[in-house]
Structures are given as C-alpha cells and as structure tokens.
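Below is one structure, written out as structure tokens; comments come after it.
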Amino acid sequence: MSSYNILTTFAGLHLKKKLMYAGSLNLMALNIALIIFVEVDDNFRLLCICNALFWIANLVYNHFSKNVDHPYVAMTIYGLLSIFVHAYLKGGFYSSYMFWLPLMSLGMSIFLNKFYAILCIVFSTITYTLFLYLQLSGKADFQEELKQVPPLLDYINFMSVLVMLCLIHYFFFTKENLDLIWKRESEMKVGDLQSKLSQKETEVEKMRTNMAQDFHDEMGNKLASISILTQSLDLKLRQELSRTSVEEFKILEIIHQTVLEVYDGTKDFIWSVDHRSDYLLELFIYVREFGERFFNNLEINFKSEYNADTSIPYRLPPLCGRQLILVCKEIMTNAAKHSKCQEFTLKIDVASDTLRIIFSDNGTGFDQNYIKRRNGLRNIEERSISFCKNFSMESSPSGTRYSLFLDIISSETTHIG
C-alpha cells in the first residue's frame, strides 16, 4: 500500500476506531466503578449495569463494523438518553452528568458531522429547559436529590469526563497532525506528477522534432531527387525530339507537378509534426508566409494582423496546426479561384483563452444556399467544425468572411524554446 493510502486510511477509519475504543473503555470503566465502589439504589445500579453492557456491545460493534460512523451514531443516541435518565435520577441540571452534554457535542462536531453535533446541542437545550421547568413548578426537587448523591459518584463522573476530554484533545491534535502530513504528502505527489508530466512533455516534443527532421531528410530528399531526375530526363528527351512524342512530355510534366505537389504537402505535414506548430505565433508566421507567396503571384493584396501579446507563447491543442493549415489553404485557394477579390486579410485575436481566426476578402461572394454544391466550401465547413468550438461563414456581394474560434489550452509564461 502506498504512503498516501496508509495516511488517508489511518487519518480516517483507524483514527475514529481508536477514539471509539478509548471512549467505550472509559465509559465501561465509569459504570463498573459506580457498580463496585458507590452505594446507590437498585434502579440506578441496574441502569449502570445496562450501560456497561451497552458499551461492551458498542466496542464489539465498532471492531467488526465496516462503516466506522455507525458506532458513533449508536453512541450518540444511546448516550443522550442515558445522560437524561442519569441526570434525572441524580440531581437534574445540578447533576455532574450534565457535563457530558457539551462534551458529546464537541466530540460529534470533530469526529462525526455537524448534524449530530446540532442534535446534541438541541437535546441539551431541551433537557436543561425540562429540568428547569420541573424544578420551578415543584414537580421535582433536584436540590434535595443532589444532597443524597454520594460524593464518590460525582468524583468518578468528573474524572471520567476529564479522561474523555483528554482523549478528544489528543485525537483531535493527532488528526490535525495527520491532516498536515497528508497535505504535505499530497503536495509532494502533485509536485512529482507535475515534474514527470513536464519531463514527458519534453520527451514528446523532442520525439516530434526528431520525427519531423527524419521525415524531412527521408521523404523530402527523395521527392526532391525524383523532381531533379524528371527534369534531367526532360532535358535529355528534348535533345532527342525526333524520337520523343508530345504525349511523353506530358507524362513527364504530370510526374513533375505531382512530385512538387506531394513535396509541398509533406512540408505542411512535417511542420505540423514538429512541436513548435502547437504555438499560435508559429502558426501565424507559417500561414502569413504562405499567404504572401500565394497571393503575390496572383496580384492580390494580402494583409495580416496578429492582435495578441507576442511575449506570451499561446498554445493550441496538439497537432491542431495541421488541420488549421489545411483549412487556411482551402480558404485562400477558394478566394483566389472564385471570389475575384483584390484584397485578402488574415486576422488573429486572443481574448479570455479563446482564439479567433478571421479570413476575409472583398470579392463578389457567393450564394450560401448552394454551398453544398461546392466541394471546397463544404470541406472548409466540415473540417473546421471537427476541431473548432465555433465556426461561421458569411458572404455577400461585397465579400466573404470566415470566423474560426478555438480554445487555447495554455498560455505559458516561458518563451518558445
């Protein structure tokens, strides 16, 4: 069993059981002492015998009970009734037994719950009020009964109350110490878990960086080699035009374009595998550079805004960058092909750990009622909904606007490493 489980078990179940053992033994000793050493009437002696038997039974019940609170409940109910009868027979509210009432309230509030503490307080109030009424109305003369109480009975009772008070005091501070130990143990475990989690995150980041580098070296270099070989083959074939058909040149051109497209796609994938793609600023820079290259060849004015604190490395969910890149490229491609726009804007805002990415153009727009007929727009919507917490698309004759909302999982205080 771990130290955490040992502490919580001892601080909870075992501590209560120990107090119940000690309390039951103390009350058994009290009643046995009254039976042996104090000369009392038969009714009171019979009551003490019943009490002793009950505390023996409660001690056994406490030993075998799986729920440690049940013996406390039994002790509370029987104890209150027993105190009432004892006090009524031996002096009413003058009786030394009345000291047990606030003591029981204290014990219940510390070791059980507030309900039973309040029950003890309410019962004590009713008992005092009833005894006062009986005294004032002349229906009982507790002062006269008190004169007949043997001094040894009060002495034994006071000593038992004192022992019980010491037990509650001892177990209360034991409980406090155990709570402190448990708290320190918990803090140490949380610290260890955070340290291990940080180490694991660092290991994962290194692994992702290594994967990106390895993939780039293997796949990127091979694709570049294929591209170079096709170009070389194209040159050789052009030198032998008499033996080369137009169809063969077209096949070579298709191979070359396909390799370039695959290579371009692998660059996005390699970037998304690297752990740095999880950071918002890195994403913005990557998309901005793509947008500048893409729209520069199309004579479309490209603008970008980053409205967030650049000193805070806002972080996105892992591998979310890959999906965002695909959506960004699809939106830009659609704007270039269909919108007839002269200006395209990318804007990123951060507010209350929520990221908002806005794409807008000043093109001719489209009819949203027919959006499902165009695969590009349908793909943008479906892909965005899969990883965004909210997505909206608005279009009018004056332009189109896409808004993507995502949660930022952390805004660490350290800079991007």
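The values are calculated or read from the model by the stated rules, or taken from the named source; none is laboratory data. Just so it is clear, the model here is predicted, and its values are computed rather than measured. Cβ sites come from the backbone with ideal geometry, for glycine too, and all protein chains shown count toward neighbours. Just the protein is used for accessible areas: all its heavy atoms, side chains included, with ligands, DNA and RNA removed. Shrake-Rupley method; radii C 1.70, N 1.55, O 1.52, S 1.80 Å.
Can you send over the carbon and sulfur percentage of the accessible area for the range 97-194, probe radius 1.4 Å, protein chains only? That fraction is 70 percent. Quote the accessible area belonging to Val60 in square angstrom, nearest 10, computed with a 1.4 Å probe and with ligands, DNA and RNA left uncounted. Counting only protein heavy atoms, Val60 exposes about 70 Å² to solvent. Remark: accessible surface ordering of Ile331, Ile49, Ile110 (largest first) is Ile49, Ile110, Ile331, probe radius 1.4 Å. Residues whose amide H falls under 5 Å from that of Tyr279, counting only those 5 or more places apart or on a different chain, are Leu316, with hydrogens built in the peptide plane. Computed 3J(HN,Hα) for the range 289-297, one whole-Hz value per residue from the Karplus formula 6.51 cos²θ - 1.76 cosθ + 1.60 where θ = phi - 60°, is 5, 5, x, 5, 5, 5, 7, 4, 6, glycine and proline marked x. Scoring 296-309, 345-358, 75-88 by mean Cβ neighbours within 10 Å over their residues and listing the highest first yields 75-88, 345-358, 296-309. Normalised by the number of residues in the range 1-148, the mean separation of alpha-carbon contacts (under 8 Å, six or more apart) gives a relative contact order of 19 percent. In a fully extended conformation the segment linking Tyr133 and Leu193 would gain 15.3 nm over its present Cα-Cα distance, using 0.36 nm per residue. Cα-Cα over 29 Å: which of Lys17/Lys114; Lys17/Lys147; Lys114/Lys139; Lys196/Lys329; Lys114/Lys183? Correct reply: Lys17/Lys147; Lys114/Lys139; Lys196/Lys329.
Across the range 68-85, computed HN-Hα scalar couplings (Karplus, 6.51 cos²θ - 1.76 cosθ + 1.60, θ = phi - 60°) run 5, 6, 4, x, 5, 5, 4, 4, 5, 5, 5, x, 5, 5, 5, 4, 4, 5 Hz from first to last residue, x flagging Gly and Pro. Using Cα centres only, tell me the gap between the range 148-168 and the range 86-138 in whole Å. When both Cα centres are located, 16 Å separates them.
The order of Ser403, Ser311 by accessible area, most exposed first and with a 1.4 Å probe, is Ser311, Ser403.
Sequence-ordered 3J(HN,Hα) estimates for the range 310-315 from the Karplus curve with 6.51, -1.76 and 1.60 and θ = phi - 60° stand at 6, 7, 9, x, 4, 10 Hz, glycine and proline given as x. Counting only protein heavy atoms and using a 1.4 Å probe, the accessible area of Met98 comes to about 0 Å². From the square roots a ≥ b ≥ c of the eigenvalues of the alpha-carbon gyration tensor of the range 270-367, which class results: rounded (a/c under 1.5), prolate (a/b over b/c), or oblate? Prolate, since a/c reaches 1.5 and a/b exceeds b/c. As a length-normalised measure over Cα pairs under 8 Å and 6 or more apart, the relative contact order of the range 97-188 settles at 26 percent. Among the listed pairs Lys303/Lys337; Lys18/Lys66; Lys66/Lys189; Lys250/Lys340, those whose Cα-Cα separation exceeds 26 Å are Lys66/Lys189; Lys250/Lys340.
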